[in-house]
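The structure under discussion appears below in the form of C-alpha cells.
The values are calculated or read from the model by the stated rules, or taken from the named source; none is laboratory data. Predicted, not measured: the structure shown is a model, and the values here were computed from it. A quick note on method: Cβ atoms are made from the backbone with ideal geometry, for glycine too, and the neighbour counts reach across all protein chains shown. Surface areas here come from the heavy atoms of the whole protein model, side chains and all, with no ligands, DNA or RNA. Shrake-Rupley method; radii C 1.70, N 1.55, O 1.52, S 1.80 Å.
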Amino acid sequence: TTSSSSSSSSSFSSIASTSSCPSSVCLRSLPTMMTMSAAAAAAAGPVGMITPQRKVAATSTKRSSPYKSICLMLAFAAVCRTCEGSASGARPQIFLKGNASNANPGGLKAGYACQVLYLDSREDVILPDGSPININNFDAVLTDAHDLISWASASPPLHYLDASDYPHRPGRELFERKRGHRSFSILVPQYPESPEMEMWKQESLALLPEHTYIDDGTPAARKRAFEGYAFSVLLSLDSSIPPPQILESVAYACVPMLVWTVPHFINYTVYFPYMVGKLRPDTFSAEFVSGYLQKAHEDVIYVMQNALMLVQDFFYFRYSLSFPQRLEAFATRLCEEAALPSALRSDVFIAIYSAKYNFPRRRAARETWLTLLTGPGKVETVRTSGTMGDPVVVSYKFFVNAIGAGDPGDPASSPVDDLLRAEADAFGDMVFLDAVEEYPIGNMGRMAMHWIANHTSATYILKLDDDMYIRPMPLLRHLVRQQHSMMYWGFFERSGQVVRDDTSAHYLPDDLFGHDGVFPPYARGAALALSLDLVRLMVHFDRLGLLRRLKVEDASYGYFLWQLVVLGITSVTLADTDEARFALDPKCCTEKSHPNNCWSPLLPGTWIVHHVGPRAIRCMFRTDLQSGYYLPRPTQLASERQCLVTAGIAALLPGDDAQSAGLDGAPSQPCAAFVGAAAVAEWPEVYDPQRTAELPSLCGCVYTPPPHPGQPKPSPMYEGPNGPRLHT
C-alpha cells in the first residue's frame, strides 16, 4: 500500500483517512517497496527499470539523508496518482549519480525513453571515471542543490525537488495541548563545528541538563526535544533545505528558535517568518532564552504558535507523499512535457471566468492587458542572469455559463444569448459551459476545470476573474519559474469559516462539510494557478465520484486537493509567498493612515488588481502606457465582423466604459484604432530577477476613502447576493 498516513497533521478530519488507494481507483498493482545501495544502483541501470523482485540491503551512515547513504526507497507507489498513465505510455527512467553513465545519450531527443536525473546536493557531479555528468543526456534534472536552483522553482532543465520527509502526526491535538505554554528545550549537535557552538552546547548542558538534547542524527533522538515542549532552540541544524530539525519540530507542534548564524533562511511559506523565533548570536544563552520566553507578551506567543499551526499545513501538504513517490510523480510530469514537440508546448493557459452580461469587462480586457498576449510583442522569460529568455507561450479563453434554447422555462436562457453567440463567433475566445448562472459559482468552476483538463497541455493553469487588471509581464515570468508539478499558487485563505447561516449564498450544511468550521487552505478566486497535473487529478477523481463537492468556487479547489492529499494521491506545494503582488481591495493606504482597514491594498509592485470595472481597467492600462512600462502600438479589431459585433453589443450593454476608453481619455468607437501594447519597454523590473523595481503607481485609478486614524470604518468593498461591488 502507499505510505500515506492515516493520522494527518492537517486540521481537518471529516474524510476517512486511509493508508491505501481505493481499489476502484488503482488500475495496476502497487510495486514492492525496495531499497538499494550505490553499488546496486550502478549495476542495475536506470532506477525506473528496477524490477520489484530485486532487493539490496541499504548502507547506513550517521546522518539520515537518503542520498548521502545512497539509500533509495524504490516505492513507486504513486501509481494511484498516475492511474491514467503518462503521455508517452511508459514510466520515466530515473537515474542517480551512481548510474548516470548508463543513460542513453540524448534521451527522448535521440529516440530513447525519457530519462530524468536526480542530483543530490551532498554529492559532486563527477563520475567515478573522473568525467563530469553530462546533463544533456537527460530530458530533465531534478535536484535539491539550492546553489544551482532556488527552492521549489524551475529553470529547465533544472527543477527543484528535495528528499525531505515530514512526520505524519495528528499535530492539532498536540498543538492544542501546547497552546499558550512556554516550555522550551535546546537541541545541540553531537559534534559542534565551531568553538562558539561548542561553548553554547556546554553552557546549555550545564544550565539545563534535563532539557538539553544531543542530536545524533536520528529522528528518534530529536523527537525527545520536540514532543514535550512548546519551543525548541535548534543549535543543531543540517544544511539541507529544509533541515529535518525544522520539519520535525513543526510536526511535533514545537516552535523552532534559531540563533542567527544558520547558513540559510528561506521563507518556505508566508507564515514561516512569523513562526520562527530569531535569536542574536551576541546575546544568546540558555538563560537569555528562558527570560525572553517568560517575559514575552502573550500576543507574541499567540502569533508564533498560530503561525506554527499554518506552517504545519504547508509542510504536510508538500510532504504527504514519500520522496520516491514525489520523485516518480514529478519525473512523470516532466516526461509528459518533454514528449511533446517544442512547437506544440504551451506554458500557461489563462481561464477567465465571466458572466453573460459582462461584455464590457471582456471588451476592456481584450483592448488592454490581453493585447500583450495577442499582439506581435511577446512576454519573455527572464534568465537567472537577468537576460531575456524564450517567449512565454500563452493562450486564454473566457468561460461563460450555458446558453439556453430560448424557452422561457429553460434556466439557461437569457435575453443576451444571441449576443453571446455572435461575440463567440467573432472573437473565438469563449467557452460556454453546461452550467446555469449561479452564485457562488462552484459548479461553473468545476466544469471549467473539466474542460481545461481535456483541452490544454499547458504546464500551468492560471484562473482569473473578469473584474481584474493584470500586469502579464511580471506575473507570467514569475509563474513559469514555479515547479512544474504538484503546485498550487495564489493568495491563500487559511481561516475561511464555513457558513452555517442558511440565508447566506455561501451556506453549507453540516452533512456536506463536517469539518471543524474552517475550510482547508485555498487560494482566493481572484487569481490562482495550478500545475496541470493537479487539474487532471481533480477532474479524474471527480469524474469517478470520489470527491465531495462545494458550491463555493475558490474553496472547492482547496477542498478537492485536500481530499487528494489525505487519500495519499498527491502532494501539493502551497505557493503563497506572493501576497504582496495582489490588490484584492484596491485602494492606496497604509496601516497608519487606515488602521485595521488596509488589507491587500495597491502597492508599487502590484501585479493583480481585483474588483475593478472596465473604466478602472482602462485607466490602469493607460497609466502603464504613459509611464513607459509598455511600448504602445496602434491597434484595431482584427475584422469588420468584430467591429460590428462590438458596436452592436456595446450599444445594448454599454457598462461603465462608454467614456474614457481611449489612451487620451476620449470616448472610443468600437471600430476605431485603439492603443494596445506591442512589446515591453526596458523597464528596470524586466531585467531584475528579484523584482525589486517599483512599477507605475495605479492610485489615480481607484477611490481611496479619507484617512481615519483610530476610527476604522467599513471598506467601500462589500459583497452582495449577486457578487462583489466593483471599483470603477
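For the stretch 185-208: of the residues being among the polar types (S, T, N, Q) and within 17 Å of Ala286 (Cα to Cα), which is surrounded by the fewest Cβ atoms within 10 Å (Cβ to Cβ)?
Of the stretch 185-208, the ones among the polar types (S, T, N, Q) are 185, 190, 194, 202, 204.
Pick out the ones that are also within 17 Å of Ala286 (Cα to Cα) and you get 185, 202, 204.
Details: Ser185: 26, Gln202: 13, Ser204: 23.
My answer is Gln202.
Among the numbered criteria (1) crowded, with 19+ Cβ neighbours inside 10 Å; (2) assigned to a loop (DSSP other than H, G, I, E, B); (3) at pLDDT 90 or above; (4) out of contact with any Leu (no Cβ under 9 Å at 6 or more places or on another chain), which single criterion is violated by Thr577?
(1) is the only condition that Thr577 fails.
Hey, Asn596 hits all of (1) part of a loop (DSSP other than H, G, I, E, B); (2) over 21 Å from Ala329 (Cα atoms); (3) open to solvent by less than 10 Å² (accessible area, probe 1.4 Å) but one; which does it fall short on?
Result: Asn596 passes all but (3).
Give the stretch 612-623 a look and list any residue that's surrounded by 24 or more Cβ atoms within 10 Å (Cβ to Cβ) and not β-branched (Val, Ile, Thr), or say none.
Pro614, Ala616, Arg618, Met620, Phe621
Yes/no per residue for (1) open to solvent by 10 Å² or more (accessible area, probe 1.4 Å); (2) at negative phi; (3) out of contact with any Phe, Trp or Tyr (no Cβ under 8 Å at 6 or more places or on another chain):
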site: Glu337; (1), (2), (3): yes, yes, yes
site: Pro341; (1), (2), (3): yes, yes, yes
site: Ser346; (1), (2), (3): yes, yes, yes
site: Ile352; (1), (2), (3): no, yes, no
site: Ala355; (1), (2), (3): yes, yes, yes
site: Arg361; (1), (2), (3): yes, yes, yes
site: Ala365; (1), (2), (3): no, yes, yes
site: Leu373; (1), (2), (3): yes, yes, no
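Six or more apart or on different chains, Cβ under 6 Å: which pairs go from a residue in the stretch 146-172 that's acidic (Asp, Glu) to one that's modelled with pLDDT of 90 or more? Could you list them?
Asp162/Asp144
If Thr381 meets every condition in (1) over 17 Å from Phe349 (Cβ atoms); (2) open to solvent by 10 Å² or more (accessible area, probe 1.4 Å); (3) at pLDDT below 70 apart from one, which number is that one?
(1)
Regarding the stretch 144-163, can at least one residue be identified that is closer than 13 Å to Tyr252 by Cβ and surrounded by 14 or more Cβ atoms within 10 Å (Cβ to Cβ)? Spell out the reasoning first.
Taking the stretch 144-163 first, the residues closer than 13 Å to Tyr252 by Cβ are none.
No, the stretch 144-163 contains no residue that is closer than 13 Å to Tyr252 by Cβ and surrounded by 14 or more Cβ atoms within 10 Å (Cβ to Cβ).
Answer yes or no as to whether Glu591 is touching a residue at least 12 places away in the same chain (Cβ under 8 Å) and surrounded by fewer than 19 Cβ atoms within 10 Å (Cβ to Cβ).
Against the criterion (touching a residue at least 12 places away in the same chain (Cβ under 8 Å) and surrounded by fewer than 19 Cβ atoms within 10 Å (Cβ to Cβ)), Glu591 does not qualify.
Does the stretch 463-479 contain at least one residue that is in a helix (DSSP H, G or I) and either more than 29 Å from Ser155 (Cα to Cα) or of a type in the set (Lys, Arg) (or both)?
So the first thing to find is which residues in the stretch 463-479 are in a helix (DSSP H, G or I), and the list is 472-479.
The next check asks that each one be either more than 29 Å from Ser155 (Cα to Cα) or of a type in the set (Lys, Arg) (or both); those that pass are 477.
There is at least one residue in the stretch 463-479 that is in a helix (DSSP H, G or I) and either more than 29 Å from Ser155 (Cα to Cα) or of a type in the set (Lys, Arg) (or both).
Output the number of residues of the stretch 92-118 satisfying the condition of being within 13 Å of Ile135 (Cα to Cα), out of contact with any helix residue (DSSP H, G or I) (no Cβ under 6 Å at 6 or more places or on another chain) and in a loop (DSSP other than H, G, I, E, B).
2
Could you list, in sequence order, all residues of the stretch 481-498 that are surrounded by 24 or more Cβ atoms within 10 Å (Cβ to Cβ) and over 19 Å from Pro520 (Cβ atoms)?
Within the stretch 481-498, just Ser485 meets the criteria.
Which residue pairs have Cβ atoms under 6 Å apart, sit 6 or more places apart or on different chains, and have a first residue in the stretch 456-468 that is within 12 Å of Ile608 (Cα to Cα) and a second that is of a type in the set (A, V, I, L, M, F, W, C) and in a loop (DSSP other than H, G, I, E, B)?
The qualifying pairs are Asp467/Leu726.
Would you point out which residue out of Thr606, Thr623, Thr646 is more than 28 Å from the chain's Cα centre (by Cα) and over 29 Å from Asp425 (Cα atoms)?
Working: Thr606 fails: more than 28 Å from the chain's Cα centre (by Cα); Thr646 fails: over 29 Å from Asp425 (Cα atoms).
Just a single option satisfies the conditions, and that option is Thr623.
Across the stretch 617-655, what is the number of residues that are within 15 Å of Arg362 (Cβ to Cβ) and either modelled with pLDDT of 95 or more or β-branched (Val, Ile, Thr) (or both)?
Final tally of qualifying residues: 4.
Answer with yes or no whether His264 is modelled with pLDDT of 95 or more, out of contact with any Leu (no Cβ under 6 Å at 6 or more places or on another chain) and surrounded by fewer than 23 Cβ atoms within 10 Å (Cβ to Cβ).
So His264 fails the test.
Considering only residues of the stretch 445-477 that are of a type in the set (Asp, Glu) and farther than 18 Å from Thr374 by Cα, which is surrounded by the fewest Cβ atoms within 10 Å (Cβ to Cβ)?
Filtering the stretch 445-477 for residues that are of a type in the set (Asp, Glu) and farther than 18 Å from Thr374 by Cα, the one surrounded by the fewest Cβ atoms within 10 Å (Cβ to Cβ) comes out as Asp465.
Evaluate the following for Phe330: is it under 28 Å from Leu108 (Cα atoms) and at pLDDT 75 or above?
Yes; evaluated as a whole, the condition is true for this residue.
Would a scan of the stretch 236-251 turn up a residue that is open to solvent by less than 10 Å² (accessible area, probe 1.4 Å), modelled with pLDDT under 90, over 19 Å from Ala296 (Cα atoms) and of a type outside the set (Asp, Glu)?
Taking every residue of the stretch 236-251 in turn, at least one turns out to be open to solvent by less than 10 Å² (accessible area, probe 1.4 Å), modelled with pLDDT under 90, over 19 Å from Ala296 (Cα atoms) and of a type outside the set (Asp, Glu).
All but one of (1) modelled with pLDDT under 90; (2) open to solvent by less than 10 Å² (accessible area, probe 1.4 Å); (3) not aliphatic (A, V, I, L, M) hold for Phe231; state the number of the condition that does not hold.
Status for Phe231: all satisfied but (1).
When the residues of the stretch 284-307 are filtered to those that are aromatic (Phe, Trp, Tyr) and in a helix (DSSP H, G or I), which remaining residue is most open to solvent (accessible area, probe 1.4 Å)?
Result: Tyr302.
Look through the stretch 267-283, keep the residues that are in contact (Cβ under 8 Å) with a residue 24 or more places away in the chain and among the polar types (S, T, N, Q), and return whichever of them is least open to solvent (accessible area, probe 1.4 Å).
Across the stretch 267-283, the extreme among qualifying residues is Thr269.
Does Lys397 satisfy being modelled with pLDDT of 85 or more and not in a loop (DSSP other than H, G, I, E, B)?
Against the criterion (modelled with pLDDT of 85 or more and not in a loop (DSSP other than H, G, I, E, B)), Lys397 qualifies.
Which residues, counting only those in the stretch 209-223, are outside any strand (DSSP E or B), in contact (Cβ under 8 Å) with a residue 12 or more places away in the chain and open to solvent by 40 Å² or more (accessible area, probe 1.4 Å)?
Once the filter is applied, which keeps residues that are outside any strand (DSSP E or B), in contact (Cβ under 8 Å) with a residue 12 or more places away in the chain and open to solvent by 40 Å² or more (accessible area, probe 1.4 Å), the stretch 209-223 yields His211, Asp216, Thr218, Pro219, Lys223.
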